[in-house]
Number of protein chains: 2
Amino acid sequence: MPQLGLLHRRAWAALLGQLLRPPRVVCLGAARSHSQVAEAVLASQLKPHQEKSNFILKTPKGTRDFSPQQMAVREKILDIIVSCFKRHGAKGLDTPAFELKEMLTEKYGEDSGLIYDLKDQGGELLSLRYDLTVPFARYMAMNKLKKMKRYHVGKVWRRESPTIVQGRYREFCQCDFDIAGDFDPMIPDAECLKIICEILTGLQLGDFLIKVNDRRILDGMFAICGVPESKFRAICSSIDKLDKISWKDVRHEMVTEKGLAPEVADRIGDYVQCHGGLSLVEQMFQDPRLSQSKQALEGLGDLKLLLEYLTLFGIAEKICFDLSLARGLDYYTGVIYEAVLLQTPAPAEEEPLNVGSVAAGGRYDGLVGMFNPKGHKVPCVGLSIGVERIFSIVEQRMKTFGEKIRTTETQVFVATPQKNFLQERLKLIAELWDAGIKAELLYKNNPKLLTQLHYCENMGIPLVVIIGEQELKEGVIKLRSVATREEVAIKRENIVAEIQKRLFES
Amino acid sequence: MPQLGLLHRRAWAALLGQLLRPPRVVCLGAARSHSQVAEAVLASQLKPHQEKSNFILKTPKGTRDFSPQQMAVREKILDIIVSCFKRHGAKGLDTPAFELKEMLTEKYGEDSGLIYDLKDQGGELLSLRYDLTVPFARYMAMNKLKKMKRYHVGKVWRRESPTIVQGRYREFCQCDFDIAGDFDPMIPDAECLKIICEILTGLQLGDFLIKVNDRRILDGMFAICGVPESKFRAICSSIDKLDKISWKDVRHEMVTEKGLAPEVADRIGDYVQCHGGLSLVEQMFQDPRLSQSKQALEGLGDLKLLLEYLTLFGIAEKICFDLSLARGLDYYTGVIYEAVLLQTPAPAEEEPLNVGSVAAGGRYDGLVGMFNPKGHKVPCVGLSIGVERIFSIVEQRMKTFGEKIRTTETQVFVATPQKNFLQERLKLIAELWDAGIKAELLYKNNPKLLTQLHYCENMGIPLVVIIGEQELKEGVIKLRSVATREEVAIKRENIVAEIQKRLFES
């Protein structure tokens, strides 16, 4: 079992530690949806947004804001993911949110209808990026690069019917890692699977399994089952739905919608029920029909090598060769994979959250070549972490347990028990900021001491510095621990050093 | 002068340290524009992107990719900025890239034409966000929040004529910090200016000045000069151009395009040439005409208080009251500010980079109320760091000095001098990854040792572990320092601990 490094374990443990404490922090920006309808009704009556009588205060369908509490969780999740990508030597890359429309055409097969186009306001025809893979391939081709290992964290947009309960949105974040370049077989592919294992282990989401297959095995299977080559991708797309709908429904779609002969569909049905380990690979090598496909044999050969490398990486028990795994996107050419959680982390009495796959990817050796004027290929393999689904799981877990997380990192609060001490508070807090200490005060001329101390308790701020007449006269600052309520007087000139010492020790 | 905390100084010093080293790292993805024309010609002849005869491999006009080298610099700059926001107790927030179109209307005045609309593909009418301020106000109103201190780092989009040399793009990143809530006057405003100072100081961009003015002083000045109230915002917009075009041209625009009487324009001209410190505020209090405007007096009173607080913060010498500062956006209602660099950081022989303002902001007390069905106001003040311009400055500085920066963080490279050692290399690197060590190997079955060592030198990887027949037999791993070329044999079972010790010490 892979383990994460000290630093990352600590970062995540800190979050989990936060989760286990009793809820203290006021949660901002929650429970929006309930108030939207009432808001809309009000908005249509009284209108600072005057002329629009049907004005509704909302985010676009399928999108959402991330509140500070959500952002704090998100930041910790992304930190674990990006740390792993960097641990494997990946460079950062960013591309524009939109691409020339023609860059995205003929890349996504049946899903192309989900691409958001920008309005033609003169100039170029533009579309919002649909994933991070096609922009990466465009970047490789445009800059004539032959190899690169990069990660990219960014938003993508798809006009899907949003079923938000399952963590599907029209705007969502992708975390991609890809290795481009002409290397010896299956070494980069194995690293991609290792990365998925490290990330899912590091995020402590419970047990998981990575299904693996190969497009060449699928294509070989289609060919020997009698699927016409023109229908390979369409049938692939149907097979891809097997984790959501039953074989019966998939068979129905293939026969009635995609015009496949029923006996061909049934032959496919025999294969797609197979899943197992190395022994299934060996069995398929011996399969009298499949072994007649050169393509399938190539795929099986690579899969065998891949499993050997994954054994060396110590993650073979996480891998399952699954002939029903198809992946929807057109551009895959070799090994494909998809990680699923084996149990929902929600407790038994809760309705389990259907999260689908939490990571996926595969080999796409032809995509960069589609952008190259001479068709020069750059083989690629990569993975994408389903961070929105992971985020939904963690969010549900926090909701179930009534857990909260700090939304700020403030270390010290600057307070006063007296009136007319704003000037001293401002001088003192500037000193703290200039020393790199995270500090806050209330934006009031004369706040009550109790209000100030309550703020610290609510926000989880550990230290308070207090300045009043007495302290000013004696040249000291009172330093108070919020947890123990202990107070000590520190010489004014030593206060920064004392705070830094306390923060370092904690 | 504000100083940044130890951690942040260190992070930035590490970058600057990198900059001072001789260039070693190969720069990926550079110099794209020169090859685009040739690429386009080729693409139109030989076409994997078949039917499009005018296919050009490029990013949309006014947008760009960020190469790994650019991303590394960007990450360090953003880290300094976000650290400062967190030091001041800000919470994170994220909003969708697009909003309902009606959310953005009537917010930006003359600039509204620059908003990107999405194509009507059925459903809601959507526009890409134009800044992060209006989405923040929408969020506050939608969730009925009365106060919040948040930061937001994200991309925004404006259909401007891109003059890329000045660091202006159609897609760019904004780093915003805002304080919403009904507080005592000028305390949050002063903190915003303190934050700008801390960030610009921390980024070591050279000396800077923050121009300050107040919309109420401007409006009072317009009124007493004889500008009709209906033209206040339009004239504001003209005044805002004074840092780019001369007074003569601004006057011409006001008179011919905006229909202002020439004598009114001249009266404005007398005021907008004034800039100074507290003494200018006092002088304006005594100005026989301006002192007749209640609005202007309110603005001057707040400005006086602000300067008092900024003195307590130790940054008064960075501030300049400038009556020509107007800011383009419609929504400002009180104090406004804009930070400019006093000298370009480029050496004298280089053409100075005209970067304009590097940070700006102000008070906007009416914006949240525009979204509230009852018009309930939530006063706000905030700032935006011009991170693209800052990025251009740092990039030009690096170019001038031929500086490079590491694009990966890899600590250890796993090498072998012998053939057929892939299995051992894979086992070893998995151990390193599982211990949280950043490690790489070449994706070749039998790479040459020299190729492997060269890779380490090129990429700045400090340590190499070497495994071969001899080492395998003796149960050791060779640990090599790339800089000193020293090698020691470490017992296999101690290699992880030894590497961690070395990394901790360095």
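Can B:ARG425 be described as charged (D, E, K, R) and not assigned by the TED database to the domain that holds B:GLN500?
Against the criterion (charged (D, E, K, R) and not assigned by the TED database to the domain that holds B:GLN500), B:ARG425 does not qualify.
Residue pairs, Cβ under 6 Å, 6 or more apart or interchain, first in the stretch A:304-320 and of a type in the set (Val, Ile, Thr), second in a helix (DSSP H, G or I). List them.
Hits for this filter: A:ILE315/A:CYS197; A:ILE319/A:LEU310.
Could you please find all residues in the stretch A:173-187 being open to solvent by 10 Å² or more (accessible area, probe 1.4 Å) and assigned to a strand (DSSP E or B)?
Listed by number, the residues that qualify are A:CYS173, A:GLN174.
Can you tell me which residues in the stretch A:395-436 are at the interface with another protein chain (Cβ under 7 Å from one of its Cβ atoms) and either under 36 Å from the mean Cα position of the chain (by Cα) or not small (Gly, Ala, Ser) (or both)?
A:THR407, A:THR408, A:GLU409, A:THR410, A:GLN423, A:LEU426, A:LYS427, A:TRP433, A:ASP434, A:ALA435, A:GLY436
Give me the pairs, please: first residue somewhere in the stretch A:107-118 and in contact (Cβ under 8 Å) with a residue 40 or more places away in the chain and away from chain B (no Cβ under 14 Å), second residue anywhere and small (Gly, Ala, Ser) and part of a helix (DSSP H, G or I), beta-carbon distance under 7 Å, and either six or more positions apart or on two chains.
Pairs found: A:GLY109/A:SER237; A:GLU110/A:SER237.
Which of the residues belonging to the stretch B:123-143 are more than 7 Å from chain A (Cβ to nearest Cβ), open to solvent by 50 Å² or more (accessible area, probe 1.4 Å) and out of contact with any helix residue (DSSP H, G or I) (no Cβ under 6 Å at 6 or more places or on another chain)?
Listed by number, the list is empty, since nothing qualifies.
Yes/no per residue for (1) among the acidic types (Asp, Glu); (2) crowded, with 19+ Cβ neighbours inside 10 Å:
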position	(1), (2)
B:PHE391	no, yes
B:ARG425	no, yes
B:GLU440	yes, yes
B:LEU472	no, no
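Restricting attention to the stretch B:452-481, report how many residues are assigned to a helix (DSSP H, G or I) and away from chain A (no Cβ under 13 Å).
Going through the stretch B:452-481 one residue at a time, the tally reaches 10.
Tell me which of these A:PHE66 doesn't satisfy, since it passes every other one: (1) in contact (Cβ under 8 Å) with a residue 60 or more places away in the chain; (2) at the interface with another protein chain (Cβ under 7 Å from one of its Cβ atoms); (3) among the hydrophobic types (A, V, I, L, M, F, W, C).
In the conditions (1) in contact (Cβ under 8 Å) with a residue 60 or more places away in the chain; (2) at the interface with another protein chain (Cβ under 7 Å from one of its Cβ atoms); (3) among the hydrophobic types (A, V, I, L, M, F, W, C), A:PHE66 misses (1) alone.
Output the residue which, of all residues in the stretch B:212-241 that are open to solvent by less than 40 Å² (accessible area, probe 1.4 Å) and within 24 Å of the chain's Cα centre (by Cα), is farthest from B:CYS84 (Cα to Cα).
Across the stretch B:212-241, the extreme among qualifying residues is B:SER237.
Output the number of residues of the stretch A:188-199 satisfying the condition of being over 18 Å from A:GLY301 (Cα atoms), of a type in the set (A, V, I, L, M) and either facing chain B (nearest Cβ under 10 Å) or open to solvent by 10 Å² or more (accessible area, probe 1.4 Å) (or both).
1
The values are calculated or read from the model by the stated rules, or taken from the named source; none is laboratory data. These numbers come from a predicted model, not from an experiment. Note that each Cβ is placed from the backbone with ideal geometry, even for glycine, and that neighbours are counted across all protein chains shown. What goes into the accessible areas is simple: the full protein's heavy atoms, side chains included, and nothing from ligands, DNA or RNA. Shrake-Rupley method; radii C 1.70, N 1.55, O 1.52, S 1.80 Å.
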